[in-house]
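Visitor: Sharing a structure here in structure tokens format.
The values are calculated or read from the model by the stated rules, or taken from the named source; none is laboratory data. Quantities reported herein were computed from a predicted structural model and do not represent experimental measurements. Counting neighbours? That spans all protein chains shown, and the Cβs are built from the backbone with ideal geometry, glycine included. SASA here: full protein model, heavy atoms, side chains in, ligands and nucleic acids out. Shrake-Rupley method; radii C 1.70, N 1.55, O 1.52, S 1.80 Å.
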Amino acid sequence: MKSVAAFLATAALALATPCLAQAVTQADTVDTSLPTQLPRTAIPHHYAIHVVPHAERLAFDGDVGIDLEVVAATRELVLNAADLKLASATLRPAKGGAALPASISLDPKAQTAALAFDRSIEPGAYHLAIRYSGVIHTQANGLFALDYKNAEGKDARSLFTQFEAADARRFVPSWDEPDYKATWDLTARVPAKSMAVSNMPAASTKQLAGGLKEVKFQTTPIMSSYLLFFADGDFDRISKPAGGREVGIVVSRGNGEKARTALDDEAQILPYYNDYFGTPYPLPKLDNVAGPGQSQFFSAMENWGAIFTFEYAILDDPAITTEAQRQNIFETEAHEMAHQWFGDLVTMAWWDDLWLNEGFASWMENKATQHFHPDWGADIDRVGARESAMGLDSLNSTHPVVQQVRTVEQANQAFDSIAYSKGQSVIAMLEAFATPDVWRDGIRRYVAAHAYRNTRTTDLWAAQEAAGAKGLTTIATDFTTQPGIPLITVGPAQCVSGATVATLTQGQFSADRRAEVSASPQSWHVPVRASAGGQEAQVVTQGRTTQLSVPGCGPLLVNAGQTGYYRTLYTPQEAAALTAAVPKLAPVDQYGVIADSMTLSTTGYQPMAVGLAFLDSLPANGSADVTQHVVGLWDEIYDLLDGDPALQKAIAARVTAKYGPRLRQLGFTPRDGEPVADTTLRPTLIATLGKYRDPQVQAEAARLFAAWKQDPNAIPGSLKTTWLRAIARNANAATWDAIHERAKATAGNVERTALYQLLGRAEDEALARRALELALTNEPGKTISSGIMTSVAVAHPRLAIDFVLSHLAEVNQLIDISGRSRFMQRLASSSRDPALIPILEAYAKDHLAESDRKPIQQAIDRIRSESEQTARIHAETEAWLKAHPQG
Ligand SMILES: [Zn+2]
């Protein structure tokens, strides 16, 4: 899956056929060392599902035939089922004989169905037949409906499925755990006029009476239940050959041209991955199916052969798509396509190793982006991912990359920035340690050895060592089985015979337990790369102190290239020398050292003056990609000073004086042929200076808004959300009403969704309240409403949380089932108010099982640690501003 958190982080900164399966014999034994919620008495080999959706009444009928092996004599079979009614279940031996009826009992809490027989079932091959019915959901779990206005402006409804982590059980009674791999036949009865899509191409289509047809899809390769996919609707499909297969994009009718960018991206990526993984993509086709609306928790899902992506992350709509979003289309496809190998062909055995899927896909997405689009600044985005991971990983309530998952809820919560961004960062570090060629060879060995099977994290390290990455397992084990972040303290550097020599002392970085971890830090083997104006050198830390020697006697840069997952604390002298050298560093190092130093300052490891000096050291005409991120860091300081308008004004003045001229130089509208980094920097500057009420930006916003009220195309599509967000933030009632009216009148689903979200951005509290009330009505649409609440929470977290708590039952209907326990964490993410802590504690106690409270605890730990630093940050920032007037 592609998590929304990852996308939002980037967006905020940017403001902005051959069935090889048949050749693989399936195991007839079960791995009893794996966690499971099902008794290990039977192994399913093949499912034949027949489904009849009744879209108009949000229900479906189904029957399934399951070929299975009973491996231990038993009187009952237990499999997963949720929101399903089972009408009948019978079991007969595969070699023939009487069918045994089962008596059925459902356990909604465990999400299981127990099928009891009146005599013992002996080991052997059987066929289990179940007739059942289920519900079509209105959020993205199980089989779900998305409603929208079609090309003629009429109400339309399409159906899709979303099964990860554990929602296939809402579609079919099944052994719904990732290590129960099986082959799947899907047959669907659908309206004759609609298009049905699944993992495999259709094998046959039969016209039926009553305007219906029956579509039978080809048998899938062996795969996990969470990867099964079905969609049906009024679709168009565009396609082309690529990498020896067919790639396609499926969209609601009339949107085909908006899918060209995505199709071209897909066709470019597939041959690259065929080569990188060394095993060609095994299915006959790879579709990417677009759905209107959104989820708060994911933007796309890697169903094998039939990726699902919400329209905003796949359609390139000239009316609304920004350059950053256009880049996100490529990145999202690169992510989901990487999963076709890493996740789909080779699958983690259990959710403990979810990071193998998500960390790897995030890293591969970044690698593919750097390969095809070297001017998009993806190396700098990789450092952004490191920073986002460290935000969570520096708290007491973090967890190791490989973690213990025991409940369905914990599996859902596992999709966090540790799995995605720390996973990505650790892999980037290991690739640099192994060297890219050795690492790729290790990946090829891993994929070839484990295709169509399940793995654990240790299998990947073994493949890398076999490929020649000696010593990698030690480093990898430290970083994946221990939580937290190493802190490398750099002793005074000395120039000795043309080399820079320094002692590195290893400790642990913590945002909320500094004294505790410095007294007894964890220990890692950290590969440290460094430079001092000459060649880079690498050393792996052993124990508490390690000697570093680097050719050259320039300013010492530790973590050169920024592939290391650790923080670096310099002596004041080394920090000052490096600050002076920032203008000459590579862009990736500029952003890396600035972000690292700012966090060490805001968490109290060093005075604010050190971090602010780094922040201030980037030249006003520096790299556009770095500028974009650095302006974001200034804005974080601005937000940290909330409650101190005079100091905020001083920061705003400083940022405006430094970067205002850059915006004037770029101009308010994109120029033909400009560097793409300028195109993505412009919206960041407009948004930030707009937030600081820069008069020129405000005047242009007012001019554009007046024109837009007359003509919806008066603002260029690539800047529309940027300008309207600036306008919505400062909205009065008349402005808010005008945006609301336009949202109601807009037909394009992506644009309509974006406009509704904007209504939540008003700083005016009365308007924020109106947005929350609007979200609870049927007007925005079932999957749009939660996004309005999230928008409100950016400026008014307490207001949004109080509102949600007082309407919890209604709000829960507007969120994916799998995301409910994380929604409150999302709403709290911009708050530093300690008064929120008891409210969050009470919410967790009343609504979440004790095992499932980690996201709330993380929100609490973050608020507590940040609020403890507030007074010091204010005082030290004020002193620094006085001592360093704008130059
Ligand atoms: Zn993913």
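Visitor: What are the semi-axes of the equivalent ellipsoid for the stretch 415-470, taken as the square roots of 5 times the Cα gyration tensor eigenvalues, largest first, in whole Å?
Guide: 19, 16, 8
Visitor: Over all alpha-carbon pairs in the stretch 42-129, figure out the percentage whose distance exceeds 21 Å.
Guide: Cα-Cα pairs in the stretch 42-129 separated by more than 21 Å: 32 percent.
Visitor: Distances over 21 Å make up what percent of all Cα-Cα pairs in the stretch 789-887?
Guide: I get 40 percent for the Cα pairs in the stretch 789-887 exceeding 21 Å.
Visitor: Considering only protein heavy atoms and a 1.4 Å probe, what is the carbon-and-sulfur percentage of the accessible area of the stretch 251-304?
Guide: 48 percent
Visitor: Based only on Cα atoms, what Rg/Rh ratio does the stretch 356-469 have, Rh being taken as Kirkwood's radius?
Guide: 0.98
Visitor: Considering only DSSP beta bridges with both partners in the chain, what is the antiparallel share in %, to the nearest 5?
Guide: Around 80 percent of the beta bridges assigned by DSSP in the chain are antiparallel ones.
Visitor: For the stretch 51-67, just list the computed ³J(HN,Hα) in residue order, Karplus coefficients 6.51, -1.76 and 1.60, θ = phi - 60°, integers in Hz, with x standing in for Gly and Pro.
Guide: Whole-Hz 3J(HN,Hα) from phi for the stretch 51-67: 10, 10, x, 10, 4, 5, 10, 6, 8, 8, 10, x, 9, 9, x, 10, 7.
Visitor: Distance between Cα centroids, the stretch 320-391 to the stretch 792-839: provide it in whole Å.
Guide: Distance between centres, Cα-based: 28 Å.
Visitor: Okay, next question. Which value, in Å to one decimal place, does the Kirkwood hydrodynamic radius take for the stretch 40-92 when every pair of different Cα atoms is included?
Guide: 13.1 Å
Visitor: Under a plain spin-label model, where a point goes 7 Å from the Cα along Cα-to-Cβ, how far apart in nm are Ala835 and Ala586?
Guide: 4.9 nm
Visitor: Using alpha carbon centroids, what distance separates the stretch 583-656 and the stretch 419-437, in Å?
Guide: Rounded to whole Å, the Cα centres lie 27 Å apart.
Visitor: Using a 10 Å cut-off on Cβ atoms, rank the peptides 356-365, 502-511 from the highest mean neighbour count down.
Guide: 356-365, 502-511
Visitor: Quick one: if you take sqrt(5λ) for each eigenvalue of the C-alpha gyration tensor of the stretch 581-720, what semi-axes come out, biggest first, whole angstrom?
Guide: Listed largest to smallest, the semi-axes of the stretch 581-720 are 29, 19, 11 Å.
Visitor: What per residue convex hull volume, in Å³, comes out for the stretch 484-537 when only alpha-carbon positions are used?
Guide: 96 Å³
Visitor: Which loop-located GluC sites (Glu not before Pro) does the stretch 516-577 contain, where loop means any DSSP state but H, G, I, E or B and the Cβ has at most 15 other Cβ atoms within 10 Å?
Guide: Glu536
Visitor: Between Ala646 and Glu773, how high is the FRET efficiency from 1/(1 + (r/R0)^6) when r is the Cβ-Cβ distance and R₀ = 30 Å? Nearest 0.05.
Guide: Computed FRET efficiency for Ala646 and Glu773: 0.30.
Visitor: Then there is this: Rolling a 1.4 Å sphere over the protein heavy atoms, what is the accessible area per residue of the stretch 488-543, to the nearest Å²?
Guide: Accessible area per residue: 45 Å².
Visitor: Take the Cα atoms of the stretch 293-380, build their convex hull, and give its volume per residue in Å³.
Guide: About 114 Å³ per residue, rounded to a whole number.
Visitor: Let me ask something additional. What spacing in nm lies between the two simple spin-label points modelled at Thr205 and Asp375, each 7 Å away from Cα in the Cβ direction?
Guide: Between Thr205 and Asp375, the simple spin-label model gives 4.2 nm.
Visitor: Let me ask something else about it. State the antiparallel share, in %, of DSSP beta bridges confined to the stretch 247-310, rounding to the nearest 5.
Guide: Beta bridges within the stretch 247-310, antiparallel portion: roughly 20 percent.
Visitor: Distance between the C-alpha centers of the stretch 64-114 and the stretch 119-175? Whole Å please.
Guide: 18 Å
Visitor: Shifting gears a bit: Sequence gap at least 6, Cα distance under 8 Å: using those rules, report the relative contact order of the stretch 409-531 to the nearest whole percent.
Guide: It rounds to 19 percent for the stretch 409-531.
Visitor: To continue, here is another question. Which whole-number value in Å² is the accessible area per residue of the stretch 566-684, probe 1.4 Å?
Guide: 35 Å²
Visitor: Return, ordered by residue number, the residues of the stretch 743-763 whose backbone nitrogen is under 18 Å from a label point located 7 Å along Cα→Cβ of Asp639.
Guide: The answer is 758-763.
Visitor: Okay, moving on. How are the C-alpha pair distances of the stretch 248-306 spread across 5 Å bins, as whole percents from the shortest bin up?
Guide: The distribution over the stretch 248-306 is 4, 15, 22, 25, 18, 10, 5, 0, given as percents.
Visitor: Where Rh is the Kirkwood radius over the Cα pairs of the stretch 617-671, the temperature 4 °C and the viscosity 1.567 mPa s, what D in µm²/s does Stokes-Einstein return?
Guide: Rounded, D is 107 µm²/s.
Visitor: Ranked highest first by the average count of other Cβ atoms within 10 Å around their residues, in what order do 385-395, 546-556, 108-118, 523-533 fall?
Guide: Taking the mean over residues of other Cβ atoms within 10 Å, the ranking is 385-395, 523-533, 546-556, 108-118.
Visitor: Could I ask something else about it? If you roll a 1.4 angstrom probe over the protein chains with everything in place, what fraction of the accessible area of the stretch 401-448 belongs to carbon and sulfur, to the nearest %?
Guide: Percent of accessible area from carbon and sulfur atoms in the stretch 401-448: 46.
Visitor: For Arg253 and Gln698 in one chain, what is 0.36 nm times their gap in residues minus the Cα-Cα distance, to one decimal in nm?
Guide: Working it through step by step, the gained length comes to 156.3 nm.
Visitor: Expressed as a rounded percentage, what relative contact order does the stretch 35-78 have, with Cα pairs under 8 Å and six or more residues apart?
Guide: 47 percent
Visitor: While we're on this one: Given an 8 Å cut-off on Cα distances and at least 6 residues of separation, report the relative contact order of the stretch 813-883 as a percent.
Guide: Normalised by residue count, the contact order of the stretch 813-883 is 39 percent.
Visitor: By how many nm would the segment from Gln522 to Ala871 grow when fully extended, if each residue of separation counts as 0.36 nm and the alpha-carbon distance is taken off?
Guide: Fully extending the segment from Gln522 to Ala871 adds 122.7 nm.
Visitor: Using a cut-off of under 12 Å, list every residue of the stretch 761-779 whose amide N is near the label point 7 Å from the Cα of Gln813 along the Cα-to-beta-carbon line.
Guide: Only 776-779 pass the distance filter.
Visitor: Right, something else. Probe radius 1.4 Å, ligands and nucleic acids ignored: give me the carbon and sulfur share of the accessible area of the stretch 753-887 as a rounded percent.
Guide: Answer for the stretch 753-887: carbon and sulfur cover 51 percent of the accessible area.
Visitor: Hey, how much of the P(r) for the stretch 633-784 falls beyond 17 Å, as a percent of Cα pairs?
Guide: More than 17 Å apart: 65 percent of the Cα pairs in the stretch 633-784.
Visitor: Any chance you could list the semi-axes, whole Å, largest first, of the equivalent ellipsoid that the Cα gyration tensor gives for the chain, using √(5λ)?
Guide: Whole-Å semi-axes of the equivalent ellipsoid: 45, 34, 25.
Visitor: On to the next question. Can you list the residues, at least 5 places off or on another chain, whose amide H is less than 5 Å from the amide H of Phe509, using H built in the peptide plane?
Guide: Those lying under 5 Å, H to H, from Phe509 are Ile485, Leu487.
Visitor: As a test of understanding, state the convex hull volume per residue of the stretch 343-393 from its alpha carbons, in Å³.
Guide: 66 Å³
Visitor: If you don't mind, another one. Rounded to whole Å and sorted largest first, list the principal axis extents of the Cα atoms in the stretch 535-587.
Guide: Taking max minus min along each principal axis of the Cα atoms, the stretch 535-587 gives 33, 22, 22 Å.
Visitor: Which distance in nm do the two modelled labels at Thr571 and Lys240 give, with both placed 7 Å along the Cα-to-Cβ direction?
Guide: Output for this residue pair reads 5.9 nm.
Visitor: On average, how much accessible surface per residue is there in the stretch 743-863, in Å², for a 1.4 Å probe, leaving out ligands, DNA and RNA?
Guide: 38 Å²
Visitor: If you count, for each residue, the other Cβ atoms within 10 Å and average over each peptide, how do 51-61, 586-596 line up from highest to lowest?
Guide: Peptide ranking by packing, descending: 586-596, 51-61.
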